[in-house]
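Notes follow once the structure below has been shown.
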Amino acid sequence: MDVAAVGRDRERGAAIEKKLQELGTKGFFAACDVVNPADAQSAYDVTNKKLGKVDILVNCAGGFSKFAKVSDYTVDEWDFMLNSNLRSAFLFTRLTVPGMTGRKWGRIVNISSVGFWSPYLTSALYATAKAGMIGLTRT
């Protein structure tokens, strides 16, 4: 399987790309801020150019800032949590679905972890974002 790994961490991405090439794939790493629509589009375009199409999309980007009560989070932390855990999945899903629909084949895997219930009483923002991921998946 050829893999396009997409993410912000260029150093980690280079190591992933090297491993993919050692395995004999056409896999590669595309540096991308996964919450930026233009970056997502660019990564999607590069993937299609290098690999021909996207048959399987795995949305596993995410982020976590801290454990805190809802009242102790800032609006910026709320935005970060929703963007990194949910917006990123929306951006890549909306880019990928038309090709899959046209070919009448494709799979999307969304990683949501604690979306139904969080064992941490102080992770409401993270759990909310992951619950949104479950809603996106079901719909």
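The values are calculated or read from the model by the stated rules, or taken from the named source; none is laboratory data. Since this is a predicted model, take the numbers as computed values, not measurements. As a convention, Cβ positions derive from the backbone with ideal geometry for all residues, glycine included, and neighbour counts pool all protein chains shown.
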Between residues in the stretch 59-81 that are of a type in the set (Val, Ile, Thr) and residues that are surrounded by 15 or more Cβ atoms within 10 Å (Cβ to Cβ), which pairs lie under 7 Å by C-beta distance while being six or more apart or on different chains? 70/124
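Residues are listed down the side, and each one gets a yes or a no for (1) surrounded by fewer than 16 Cβ atoms within 10 Å (Cβ to Cβ); (2) touching a Ser or Thr at 6+ places or on another chain (Cβ under 9 Å); (3) closer than 20 Å to residue 94 by Cα; (4) not aromatic (Phe, Trp, Tyr):
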site: 9; (1), (2), (3), (4): yes, no, no, yes
site: 16; (1), (2), (3), (4): no, no, no, yes
site: 26; (1), (2), (3), (4): yes, no, no, yes
site: 41; (1), (2), (3), (4): yes, no, yes, yes
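Quick one: which of 68, 5 is more than 27 Å from residue 124 (Cβ to Cβ), surrounded by 13 or more Cβ atoms within 10 Å (Cβ to Cβ) and aliphatic (A, V, I, L, M)?
5
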Counted residues in the stretch 87-139 being part of a helix (DSSP H, G or I), surrounded by fewer than 12 Cβ atoms within 10 Å (Cβ to Cβ) and either of a type in the set (S, T, N, Q) or modelled with pLDDT of 95 or more (or both) come to 4
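Taking the condition within 17 Å of residue 83 (Cβ to Cβ) and among the hydrophobic types (A, V, I, L, M, F, W, C), does residue 35 pass?
Numbers: within 17 Å of residue 83 (Cβ to Cβ): yes; among the hydrophobic types (A, V, I, L, M, F, W, C): yes.
Taking the combined requirement at face value, the residue satisfies it.
Only one residue in 54, 35 is within 22 Å of residue 128 (Cβ to Cβ) and among the aliphatic types (A, V, I, L, M), so which one is that?
Values: 54 fails: within 22 Å of residue 128 (Cβ to Cβ).
Going through 54, 35 in turn, the sole match is 35.
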